[in-house]
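The values are calculated or read from the model by the stated rules, or taken from the named source; none is laboratory data. Computed from a prediction, not measured in an experiment: that's the story for all the values here. Don't worry about glycine lacking a Cβ; one is built from the backbone with ideal geometry, like all the others, and counts go over all protein chains shown. Please note that ligands, DNA and RNA were not included when accessible areas were found on the heavy atoms of the full protein model with its side chains. Shrake-Rupley method; radii C 1.70, N 1.55, O 1.52, S 1.80 Å.
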Amino acid sequence: MSAQKAASWAYAEDFVGETLALENARARGEQLGATPILPGTGATLRLLAAATRARAVVEIGSGAGISGLWILEGMPADGILTTIEVEPEHGRMAKQAFQEAGVPPQRTRVITGDALDVLPRLTDQAYDMVHVDAAKPDYPAYVEQAIRILRRGGVLAINNMLWHDRVADPAVRDETTTIVRDLGKQLRDDERIIPTLLPVGDGLFAAVKR
């Protein structure tokens with residue numbers, strides 16, 4: 001890749017700046033060890049939420065609330081974000097981020113627990129958007145649940161689908177990379193969705209449910 005191309009990608013990644021609330025949430029997340037999404041990914045999630053006028057969104061993995069803040073910025077004022085987080089401290093940080101940003105408490109629901117226990121209790125075809133950013137070994141199971149709960153025309157977004165630039169290298173065959181690579185290929189050919197893979201952040205897979 002040319003130096004000019006790398007500079008262009010870096011320019012695009014930071015094209016949309018973060019608010020003070022996002023910057024503070026990022027700093028707390030880094031201290032906590034919750035790897036935050038990059039601004040390019042956040043801006044894309046905001047765009048997807050806005051384009052679909054998503055009023056009901058589920059997020060699997062809250063981190064420190066950064067992705068949730070981006071998504072909320074794209075949702076209508078009456079939209080509700082449900083965040084499922086297995087780590088109580090991460091969930092607490094997400095709540096702090098939402099409060100600091102001035103998000104009305106009735107607009108967010110932070111559920112502490114294993115997503116594979118929580119997701120089956122959510123209603124079929126009741127959500128406009130699902131964002132997946134949690135334990136990679138469970139990605140295939142998360143995605144099946146996500147497709148189930150999405151309405152027709154709803155958006156599926158999956159973070160880390162280039163996995164530190166390892167997915168594109170066929171010689172890299174560690175367990176996590178293989179899971180992510182195989183999932184991408186399966187979803188590319190899944191007739192239930194219209195997919196794409198965006199080279200923002202660590203790779204954002206996005207799809208619309210047919």
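What residue among LEU38, PRO120, THR178 has its Cα farthest toward the positive end of the dipole of the chain, where the charges are +1 on Lys, Arg and -1 on Asp, Glu, each on the Cβ? Farthest towards the positive end: PRO120.
About the centre of its Cα atoms, the range 1-63 shows a dipole size close to 240 debye [charges on the beta carbon of Lys, Arg (+1) and Asp, Glu (-1) only; nearest 20 debye].
Residues whose amide H lies under 5 Å from that of LEU204, counting only those 5 or more places away or on a different chain, are MET161, LEU198; hydrogens are built 1.01 Å from N in the peptide plane. Given a 1.4 angstrom probe, I'd like the percentage of the accessible area of the chain that is carbon and sulfur, rounded to a whole number. Carbon with sulfur: 53 percent of the solvent-accessible area. Here the dipole of the range 145-188 is about 400 debye; that uses its Cα centre as origin and unit charges on the Cβ of Lys and Arg (positive) and Asp and Glu (negative). Under 5 Å from the amide H of THR83 lie the amide H atoms of GLU59, ARG109, VAL110, ILE111, each residue being 5 or more positions distant or on a separate chain, with H modelled from the backbone and absent for Pro and chain starts. Here, the chain is characterised by an Rg to Rh ratio of 0.94, where Rg is the alpha-carbon radius of gyration and Rh the Kirkwood radius. In sequence order, the range 100-113 has phi-based couplings of 4, 7, x, 6, x, x, 6, 8, 10, 9, 9, 9, 8, x Hz under the Karplus curve 6.51 cos²θ - 1.76 cosθ + 1.60, θ = phi - 60°, and Gly or Pro positions carry x. Over the residues of the chain, the helix contribution to mean residue ellipticity at 222 nm works out to -12500 deg cm²/dmol, using -39500 (n - 2.57) for each DSSP H run of at least 4. Ordering GLU191, GLU175 by accessible surface, largest first, gives GLU191, GLU175; the 1.4 Å probe counts only protein heavy atoms, with every chain in place.
Remark: relative contact order (the chain) = 18 percent; criterion is Cα-Cα distance under 8 angstrom and separation of 6 or more residues. With the charge dipole of the chain set up from +1 on Lys and Arg Cβ and -1 on Asp and Glu Cβ about the Cα centre, the Cα lying farthest toward the positive end among the listed residues ALA6, ILE71, ALA135 is that of ILE71.
Given the range 97-210 reduced to its alpha-carbon atoms as identical point scatterers, what log10 I(q)/I(0) does the Debye formula return at q = 0.09, 0.13, 0.21 Å⁻¹? Debye intensities relative to I(0), on a log10 scale: -0.27, -0.55, -1.20. Computed about the Cα centre, the dipole magnitude for the chain is approximately 660 debye when only Lys and Arg (+1) and Asp and Glu (-1) carry charge, each at its Cβ. Comparing mean-square fluctuations of ALA54, ALA171, ALA101 from a GNM of the chain with C-alpha springs under 10 Å, the top value falls on ALA171. Annotation: per residue accessible area for the range 55-169 equals 41 Å², rounded to a whole number [probe 1.4 Å, protein chains only].
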